[in-house]
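Contents: one structure, followed by commentary.
Quick note: the coordinates plus some simple rules give every number you see, no bench work behind them. Keep in mind that this is a model prediction, so the values were computed, not measured. Cβ sites come from the backbone with ideal geometry, for glycine too, and all protein chains shown count toward neighbours.
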Amino acid sequence: MRIEHFDDIIDRIRYQDRAGFCGPTDSGKTRAMAEVLKHFDDVLLTSPKRKWDWELQPIDDPKAWERQQKRFSRRAYDLKELDRELNAVAREDSGDPVVFLPERMADRRLHHAVLDTPYRIALERGNTMTATDELYYHANGSNFESAAPWLYYTITGGRSDGVGSMYCFQRPVWVPKVALSETQHLIVFFLEEQDDRDTIDARAGKERGGKSPIDWETLRNEDHTFVYVTRRFVSEPLTLDLEKEAA
Ligand SMILES: Nc1ncnc2c1ncn2[C@@H]1O[C@H](COP(=O)(O)OP(=O)(O)O)[C@@H](O)[C@H]1O
Ligand SMILES: [Mg+2]
């Protein structure tokens, strides 16, 4: 396997796959996930922190730029609006991505239920690439099936419905074990805590007492660098070249 550029990773991710982006705040996981999601039709993205920017790069052709802006403009701030946007996408058969930014609620059970709704819709709809910018808001290691049942079904069985999933998270030790083990594509930035690095090392196939297959030293020293981890493979440290993306 040759993984030398970010595009090599994008090429490997299929529609029904699961991809995780893991690193501390400001490492670049949201940006990396957005770049991947731009390549998929019928994205249904949840931002529990209610902040999302596709960071579109202007195109010279004014018509094409207008089309691009329109395609990435769909936003829903509650479940009713989510319904409206998804119906519009279905009617137009456009495949436009929809971004869901639901209000935060003091009632955690209710908030969990709202955050889980896109996953129920995706499984009913089929052929959807689900995503969340903050997996930890949906569930943690001890409440996954009760707090986020549809996310659980999506991650463990969405494949057969053509539903894939991407998620950002800060700490692997907070993430449900099954979510991590079902993740075929992991983009990992530097992790400060030893137990987080141990979790990823184990996932990357490190033998007990053996050497880590991950170049943590480079990840520590260079901003926005990450490794790509998949079954029995770890890439060299890479960065997403934002200027190249803009070109
Ligand atoms: N590859 C990169 N090169 C340069 N700047 C980057 C890169 N990736 C992210 N950034 C910048 O770093 C900041 C944090 O990125 P973001 O993706 O929001 O991080 P996170 O989601 O991990 O908190 C943003 O201002 C973003 O534009
Ligand atoms: Mg982020």
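Annotations for the structure displayed:
- Amide proton proximity set for residue 163, modelled H, under 5 Å, gap of 5+: 127, 128
- Shown is the FRET efficiency for residue 124 and residue 222, computed with R0 = 35 Å from the Cβ-Cβ distance and rounded to the nearest 0.05: 0.20.
- Exposure proxy ranking, count of Cβ atoms within 10 Å, fewest first, for 94, 47, 146, 165: 146, 94, 47, 165
- Neighbour counts of C-beta atoms inside 10 Å place 133, 60, 78, 196 in the sequence 60, 78, 196, 133, starting with the fewest.
- Of the GluC sites (Glu not before Pro) in the range 1-77, the ones in a loop by DSSP (not H, G, I, E or B) with at most 10 other beta carbons within 10 Å are 4.
- Over the range 1-139, volume per residue of the alpha carbon convex hull, in Å³: 134 Å³
- Spatially close lysines, pair count over the chain: Cα under 24 Å, gap of eight or more or interchain: 21
- Secondary-structure-derived ellipticity at 222 nm for the chain, considering helices only, amounts to -11500 deg cm²/dmol, per-run term -39500 (n - 2.57) for DSSP H runs with n ≥ 4.
- Model label sites at residue 60 and residue 87, defined 7 Å from Cα along the beta-carbon direction, differ in position by 4.2 nm.
- Inter-centroid distance (Cα atoms) of the range 157-180 relative to the range 42-109, Å: 21 Å
- Seen from a random direction on average, the alpha-carbon convex hull of the range 6-246 projects onto 13.3 square nanometres.
- Applied to the range 227-236, the Karplus parametrisation 6.51 cos²θ - 1.76 cosθ + 1.60 on θ = phi - 60° returns per-residue 3J(HN,Hα) values of 10, 9, 10, 9, 3, 6, 8, 10, 7, 5 Hz, with x for Gly and Pro.
- Relative contact order for the range 6-246, counting Cα pairs under 8 Å that sit 6 or more residues apart, in percent: 26 percent
- Simple spin-label estimate for residue 16 and residue 53 gives 3.7 nm between the two label positions (7 Å along the Cα-to-Cβ direction from each Cα).
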